[in-house]
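This report concerns only the one structure given below.
The values are calculated or read from the model by the stated rules, or taken from the named source; none is laboratory data. Since this is a predicted model, take the numbers as computed values, not measurements. Cβ: placed from backbone, ideal geometry, glycine included. Neighbour counts: every protein chain shown.
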Number of protein chains: 2
Amino acid sequence: MTFATPVRDMRFTLDHMAGFGGLEGGAFPELSDDLTSAILEELGKYCDNVVAPLNWGSDQDGAVLENGVVRTSPGFQDAYRQYVEGGWGSLAFPEDVGGQGLPSTLAVALVDALNAACMSFAIGTTLTTGAVKTILHAGTDEQKRLYLPKLVSGEWTGTMNLTEPQAGSDLSGVRAKAEPQGDGTYKISGQKIYITYGDHDIADNIIHLVLARLPDAPEGTAGISMFLVPKVHVAADGSLEGRNDVAAVGLEEKMGLHGSPTCVMAYGERGECVGTLLGQEHKGLKNMFVMMNSARLDVGVQGVGVAERGYQRALAYALERRQGRAPGVKSGPQVEIFKHADVRRMLYSMKAMVEASRAICYANAVSYDLARYAADDAVRTRSKSVEELLTPISKAWSTDRANDVTSLGVQVHGGMGYVEETGAAQHMRDARIAAIYEGTNGIQAIDLVGRKLQGDGGAAAKAFVEEARAEAAAAKDAGTPELSLVAARLSRATDALEASTDWLLEAAKRDQHDVLAGATPYLKQFGNVAGGVYLARGARAAAKAMGEAGADAAYLSGKVAIARFFADNFLTEAAGLTEAVTAGADAVQELDPAVLTA
Amino acid sequence: MTFATPVRDMRFTLDHMAGFGGLEGGAFPELSDDLTSAILEELGKYCDNVVAPLNWGSDQDGAVLENGVVRTSPGFQDAYRQYVEGGWGSLAFPEDVGGQGLPSTLAVALVDALNAACMSFAIGTTLTTGAVKTILHAGTDEQKRLYLPKLVSGEWTGTMNLTEPQAGSDLSGVRAKAEPQGDGTYKISGQKIYITYGDHDIADNIIHLVLARLPDAPEGTAGISMFLVPKVHVAADGSLEGRNDVAAVGLEEKMGLHGSPTCVMAYGERGECVGTLLGQEHKGLKNMFVMMNSARLDVGVQGVGVAERGYQRALAYALERRQGRAPGVKSGPQVEIFKHADVRRMLYSMKAMVEASRAICYANAVSYDLARYAADDAVRTRSKSVEELLTPISKAWSTDRANDVTSLGVQVHGGMGYVEETGAAQHMRDARIAAIYEGTNGIQAIDLVGRKLQGDGGAAAKAFVEEARAEAAAAKDAGTPELSLVAARLSRATDALEASTDWLLEAAKRDQHDVLAGATPYLKQFGNVAGGVYLARGARAAAKAMGEAGADAAYLSGKVAIARFFADNFLTEAAGLTEAVTAGADAVQELDPAVLTA
């Protein structure tokens, strides 16, 4: 199957749903329509021609660990070299560290396209982004000087080393150690698991950011520090000078993402692993959240990308495979299965979820940029709260939907979907991790109902409810039958979201158990409404543009049709979800476990 | 992980949800509580000790094709020998062909337990059941004499050969040929794909039921005949006398179910494949529906079984894995993740889906038995219509839920779930086929809104709506707060189902496209309501039994809690689904395909 980066949809989402135009000028004086187009077109070429062809091979011929060294899938080295040469990694980093100073939103579009092309290749680059942001945030001048330029250019890559067997979602159990050597360096020791691209052969050095405990560290998360541990030592002049005592000692055999080496990392097996403190002692978790917040949005976008790929494959199959005939027609040639309403329902569902999750993530990215670079204080403040609110939704809703979309992609293929050769199954297997890593989707939901909802007394959530109401009103005013329908559904769904929000805020005063029991359906409901808001906005823009000279009416009518489908099938879930949100802790009471078996 | 057949839940479902007691006496004079208990206990021992231990190995070391012969996974031969010796295959077949004359419902319980233990092993036995039913229905006396005893005992196995590359969901394109030889036999030629257990080494002979066309056959499905083609020729005295010209020429590499050989079968490559006509010329599809209807319920039950396995594994992990603490608790030992409300929500969801799908399938099985064996004409007629109505729901709803449950099982494990070694991923990969084969779930939905709903002008569906109302009234009368809540939710969901049903029946007079566009959400809605009905019934029985002497109050309160959870989270979906059902064909209009890409 030929993959094509959905440049046009990406652009439509940026411009007509996510408010990307708000970033032009100000902190991004060079940003323009033409520049954005040029970047997306180039990105499309790179992804379509260089990265996408590697996807299937990376599943069949995944990363391997041989003699202590990880060898990546065929073609990864060359594709990564082109990634570095193309300057893709440096797109959104500040110019003073070698970046191109463009909005992070464009880097998010890059993550989207790259993950659609080959998720297991793309994920390696994402970790580097997190490392750069963390070093920018917490690094000393020396650390910045030594490590940032090469990480920004992508000549070196970064990793995140958090998890240990007993310390996963709860990092308070981290046991890795750091002993000060008196010269400003630390001896690091311990084992870390699930380290994405912990070792590989696509770059000359790997900069590991490692959570560990100092000898005097308090227990729990208040005693975790972060260390910068290079795979190869870097001399003061920036040259490489011999291996550090860190190695991949195992690779996980995973359900998917075979091209991404998931390493067990051993630090200091010979007692000679040297690192430097990154940020303050015992404040490692603060850094981690810098890395993690950026990664959470990126993981949401991974979901968008892999879902897009699954959708494109299913659509292509449905347009080619012939089975059956129209209702009532008994003979004559069989028709493409795309002609069957039930198959189209699957494709519409997939497309609707891809578009909605892309819009949520892009809007999240725009709010990230505005929160940092908007000229107006009030805009920065408001955008910051939107960014924080949307991050768990981007991560969890998009990746839950990626599971749905890629599973539907298998379904559209019928029996062929279950056969690996077809490729649909790979997308489903690859996608499945995204709902788990960077904080499981359950943890995202808890973040939403906890820090995000209660942190500001519900202000950000309420503001979003108002935005949804305004969008419903605008859609109603647009006056077309489809938009009126969308408006009505959005309005009801927004009422339901508000009811959930009010209930949770009340419950929070009473008992956090009630809040936590409703976290997951609340996140789903929020995502459904947010998706509905952005798709309605896009549909309004499409309906308006349809009347303009030279408009591509067919393309634009597709945006309206998808918004309507989303309203009929996803916004209508919202009312029922309020009942699930507000059932309270009693509804998942802690029964005797034996009761739940038989 | 130790697997335990859920004997107690199976029994509870039979007795208190599915109406199994209605089968005692009458056509099953020997059936009694004690006999049922003895059978389920024995079944549990066989599945727990013999079959379940093979599951993981069958994934890692699946079936292989070597020198034209399929070798099954380690242990399959011995486990199958014990299956035959235990008489498991013959449980529900008539005594005059060597069966035990017990209700099919018990065979369905067998399918449940066997698939929970090892789905890829279990599926081989299911196909034999279909072959026996088809030969019973359509075979000549000679065919019955020669083939039935060995198939009933399980000494030989059966297959279903429908699919060819160009003929999947639509069999009108079948091209395999049958040439009459003038001696009552036929030369068969052609290739079939996706043939489950098309070849293997667990039994001495394989009886293939093959769809093919006679030379004078009309085009389309009206020209398809069915042939009985043994792997090894059977002499008139029943002895084996040399290989027929049929062989497995390929094995599919699948996403899961690696232990089940999915064969490409070549018939008559040397022009010497001999078979006999099964049933009437050109009426092969009629036979196929006999085989298929039995298989559809069995596939639904496969979903129940594999979901049960996924649930048990996740529960065990959640009771053991420690991460985090209760809200507000900052230090002290970490708690089992089962203690977290959000994790319990996942486990409750899984358990609720397992119980609801089991109840639907068992109720379907009881209606199958009553339709054939009830003494009262009216009961037989009514049961037949319930059986037909429930079959597509059993198949599709249960297998959709199996996908949900096994995916949640991965999620409960966090990162460990994505690592194959844990075993959770296998259940998800194995389960994924069940929504596809024996008629995709989309085809089940079309069957529901077509033959099942319109075939009797909505009578069966309306009768079910009345049953749901009666159950809601009874739950309300039970007077406990939980049951009142369940009753209210069930009542509203039933209204929604009735509204969908009425709309579809009206739409059918107007335009089948409108009906077909709503098929899938209608099936989901119907399954949600049916699950709610049976769980409410079980909860009522549990609430009543709780007051009795010696009652296991903890176990019984679990039934109430699950029914309530299902009501809060699944019955509440029903109202929104009506909006999806009734959106009409326009909501999935046939856009220019180019519109849906970008």
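Scanning segment B:16-49 for residues that are under 21 Å from B:V304 (Cβ atoms) and either touching a Gly at 6+ places or on another chain (Cβ under 6 Å) or hydroxyl-bearing (S, T, Y) (or both) yields a total of 5. Residues in segment B:72-90 include at least one that is of a type in the set (K, R), part of a helix (DSSP H, G or I) and modelled with pLDDT of 95 or more.
Any residue at all in segment B:465-479 that's within 14 Å of another protein chain (Cβ to nearest Cβ) and either within 24 Å of B:T578 (Cβ to Cβ) or not charged (D, E, K, R) (or both)?
No, segment B:465-479 has no match at all.
Could you grab me the full set of residues in segment A:412-441 that are within 15 Å of the chain's Cα centre (by Cα) and farther than 19 Å from B:E420 by Cβ? If the condition is that a residue be within 15 Å of the chain's Cα centre (by Cα) and farther than 19 Å from B:E420 by Cβ, then A:E438, A:G439, A:N441 are the ones that fit.
When A:G550 is tested against the conditions (1) closer than 19 Å to B:F566 by Cα; (2) not in a helix (DSSP H, G or I), the lone failure is (1). A:V343 meets the conditions (1) more than 20 Å from A:P6 (Cα to Cα); (2) assigned to a helix (DSSP H, G or I); (3) in contact (Cβ under 8 Å) with a residue 60 or more places away in the chain; (4) more than 8 Å from chain B (Cβ to nearest Cβ) in every case but one. The failed one is (4). In the condition set (1) away from chain B (no Cβ under 14 Å); (2) touching a Cys at 6+ places or on another chain (Cβ under 6 Å); (3) not aromatic (F, W, Y), A:A113 is compliant with all but (1). Identify all residues within segment B:533-557 that are touching a residue at least 40 places away in the same chain (Cβ under 8 Å) and among the small types (G, A, S); write none if there are none. Answer for segment B:533-557, where residues must be touching a residue at least 40 places away in the same chain (Cβ under 8 Å) and among the small types (G, A, S): B:A536, B:G538, B:A539, B:A541, B:A542, B:A543.
The one condition from (1) surrounded by 24 or more Cβ atoms within 10 Å (Cβ to Cβ); (2) among the aliphatic types (A, V, I, L, M); (3) more than 27 Å from the chain's Cα centre (by Cα) that A:A402 does not meet is (3). Checking each residue in segment B:480-497 for being away from chain A (no Cβ under 14 Å) and within 18 Å of B:L523 (Cα to Cα) picks out only B:T494. Screening the candidates A:Q302, A:Q280 for the property of being in a loop (DSSP other than H, G, I, E, B) and at pLDDT 95 or above yields one hit, A:Q280. Of the listed requirements (1) within 22 Å of the chain's Cα centre (by Cα); (2) in a loop (DSSP other than H, G, I, E, B); (3) away from chain B (no Cβ under 14 Å), A:T5 misses just one: (3).
In segment A:576-588, the residues that are at the interface with chain B (Cβ under 9 Å from one of its Cβ atoms) reach residues that are assigned to a loop (DSSP other than H, G, I, E, B) and surrounded by fewer than 21 Cβ atoms within 10 Å (Cβ to Cβ) with C-beta atoms within less than 7 angstrom, at least six apart or across chains, in these pairs: A:A585/A:D511. Residues that are within 13 Å of chain B (Cβ to nearest Cβ) and closer than 23 Å to A:Y147 by Cα within segment A:263-277 comprise just one, A:C263.
Here's the yes/no breakdown for (1) within 14 Å of another protein chain (Cβ to nearest Cβ); (2) surrounded by fewer than 19 Cβ atoms within 10 Å (Cβ to Cβ); (3) touching a residue at least 12 places away in the same chain (Cβ under 8 Å):
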| site | (1), (2), (3) |
| --- | --- |
| B:T134 | no, no, yes |
| B:A138 | no, no, yes |
| B:T163 | yes, no, yes |
| B:Q166 | yes, yes, no |
| B:K177 | no, yes, yes |
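Per the listing A:G190, A:G198, the residue uniquely among the small types (G, A, S) and either in contact with a Ser or Thr (Cβ under 8 Å, 6 or more places away or on another chain) or surrounded by fewer than 19 Cβ atoms within 10 Å (Cβ to Cβ) (or both) is A:G198. Just so you know, in segment B:229-267 the residues that are free of Cβ contacts under 8 Å to residues at least 12 places away in the same chain and of a type in the set (D, E) include one that is surrounded by the fewest Cβ atoms within 10 Å (Cβ to Cβ), and it is B:D237. Checking each residue in segment B:152-161 for being at negative phi, crowded, with 23+ Cβ neighbours inside 10 Å and at pLDDT 95 or above picks out B:V152, B:W156, B:T157, B:G158, B:T159, B:N161.
Among the conditions (1) within 14 Å of chain A (Cβ to nearest Cβ); (2) at pLDDT below 95, B:P521 misses just one, which is (2). One residue alone among B:A378, B:A365 is more than 10 Å from every other protein chain (Cβ to nearest Cβ), crowded, with 23+ Cβ neighbours inside 10 Å and under 29 Å from B:K452 (Cβ atoms), and that residue is B:A365. Within segment B:414-441, being of a type in the set (V, I, T), within 7 Å of chain A (Cβ to nearest Cβ) and not in a loop (DSSP other than H, G, I, E, B) holds for B:V419, B:I433.
Every condition in (1) closer than 30 Å to A:K144 by Cα; (2) surrounded by fewer than 23 Cβ atoms within 10 Å (Cβ to Cβ); (3) within 14 Å of another protein chain (Cβ to nearest Cβ) holds for A:Q280 except the one numbered (3).
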